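Written below as structure tokens is the structure these notes are about.
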Amino acid sequence: MIINFSDYSANQRYHLMTQTIIPRPIAWALTLSDDELSKKDNECQFNLAPFSYFTAVSSKPAILMISVGKKPTGEAKDTLVNILNHKKIVIHIASEQQSELVTQTAATLAHGESELDLINLNESVDNSLLSTVPFEGFALPRLEQCDIAYGCELYEIKEIGDIPQTLIFVEVKQVYINDKVTVLDTKNRVKVHADMVNPLARLGASEYAGITKPFTKQRPE
């Protein structure tokens, strides 16, 4: 089958791309919705949203990128508004067990309404709660329930396409990794046990996946 993208609409292309670029990591992004971070973490309003157009870009500087579209109304999504206002974001790596919670945070809410509040008031979501804890050395908190969290600052924003789509480049300032999923390897480097993190991956349509058992292949010199 050969598909010529010039024959397809933007929505059809999106469907094809998300069906074939698989699996995709998910950036579970927390940003501050309030005007300023002047209250205690448990009193602030935080936005939490998943993005599967997400990747690492470079290591010097350490840059991650998430691609953000528009709300169904055509308005800018809260993640973009918040990072433009405050220049900071915490990107979490969710686990397969958190798939229902991640999906719930994809809901379109009015600006200033918190997905954290929505989840914690909804007893039907696996009886699970999400809580924030201080992210030592960083202005925003992190989700206590995630094994990996990146504390990032806005690096650059680019808009592409006719809609447009917004590419948010952020610089990693620090990363939290749960000690329970790490060891030191023979070179004294941090080794993360991917199977213990059990990261959630995005497929096409409404499909998600976990990971299989990791295996090792040595690269040629």
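How many residues, within segment 150-174, are among the small types (Gly, Ala, Ser) and surrounded by fewer than 17 Cβ atoms within 10 Å (Cβ to Cβ)? Quick ask: steps written out before the conclusion?
Residues of segment 150-174 that are among the small types (Gly, Ala, Ser), as a first pass: 151, 161.
Adding the requirement that they be surrounded by fewer than 17 Cβ atoms within 10 Å (Cβ to Cβ) leaves 161.
Adding up the residues that qualify gives 1.
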Selection status of Ala62, of a type outside the set (Phe, Trp, Tyr), under 27 Å from Ile157 (Cβ atoms), at pLDDT 90 or above and open to solvent by 70 Å² or more (accessible area, probe 1.4 Å) | no
Can you name every residue in segment 63-86 that is more than 16 Å from the chain's Cα centre (by Cα) and in contact (Cβ under 8 Å) with a residue 60 or more places away in the chain?
-> Lys70, Ala76, Leu84
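Any residue that is out of contact with any Lys or Arg (no Cβ under 6 Å at 6 or more places or on another chain), charged (D, E, K, R) and under 20 Å from Arg142 (Cβ atoms) - is there at least one of those in segment 63-73?
Filtering segment 63-73 for residues out of contact with any Lys or Arg (no Cβ under 6 Å at 6 or more places or on another chain) gives 63-67, 69-70, 72-73.
Now restrict to residues that are charged (D, E, K, R): 70.
Still in the list and also under 20 Å from Arg142 (Cβ atoms): none.
No, there is no match, as no residue in segment 63-73 is out of contact with any Lys or Arg (no Cβ under 6 Å at 6 or more places or on another chain), charged (D, E, K, R) and under 20 Å from Arg142 (Cβ atoms).
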Please list, ordered by first then second residue, the pairs with beta carbon atoms under 9 Å, 6 or more apart or interchain, first in segment 109-129 and over 16 Å from Trp28 (Cα atoms) and of a type in the set (D, E, K, R), second surrounded by fewer than 16 Cβ atoms within 10 Å (Cβ to Cβ) and at pLDDT 75 or above.
-> Asp126/Gln97; Asp126/Glu100
Whichever residue in segment 208-217 is of a type outside the set (Phe, Trp, Tyr) and open to solvent by 100 Å² or more (accessible area, probe 1.4 Å) and, among such residues, is farthest from Gln98 (Cα to Cα) | Lys217
Only one of (1) open to solvent by less than 50 Å² (accessible area, probe 1.4 Å); (2) modelled with pLDDT under 95 is not met by Ile93, so which one is it?
-> (2)
Filtered residues of segment 192-207 (kept if under 27 Å from Asn11 (Cα atoms), more than 15 Å from the chain's Cα centre (by Cα) and either of a type in the set (Asp, Glu) or buried (at least 17 other Cβ atoms within 10 Å of the Cβ) (or both)) = Glu207
Which numbered condition trips up Lys180, out of (1) without any contact (Cβ under 8 Å) to a residue 24 or more places away in the chain; (2) surrounded by fewer than 12 Cβ atoms within 10 Å (Cβ to Cβ); (3) more than 25 Å from Leu84 (Cβ to Cβ)?
-> (1)
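The values are calculated or read from the model by the stated rules, or taken from the named source; none is laboratory data. Please read all numbers here as calculations on a predicted model, not as lab measurements. Cβ atoms come from the backbone with ideal geometry, glycine included; neighbour counts cover every protein chain shown. Surface areas here come from the heavy atoms of the whole protein model, side chains and all, with no ligands, DNA or RNA. Shrake-Rupley method; radii C 1.70, N 1.55, O 1.52, S 1.80 Å.
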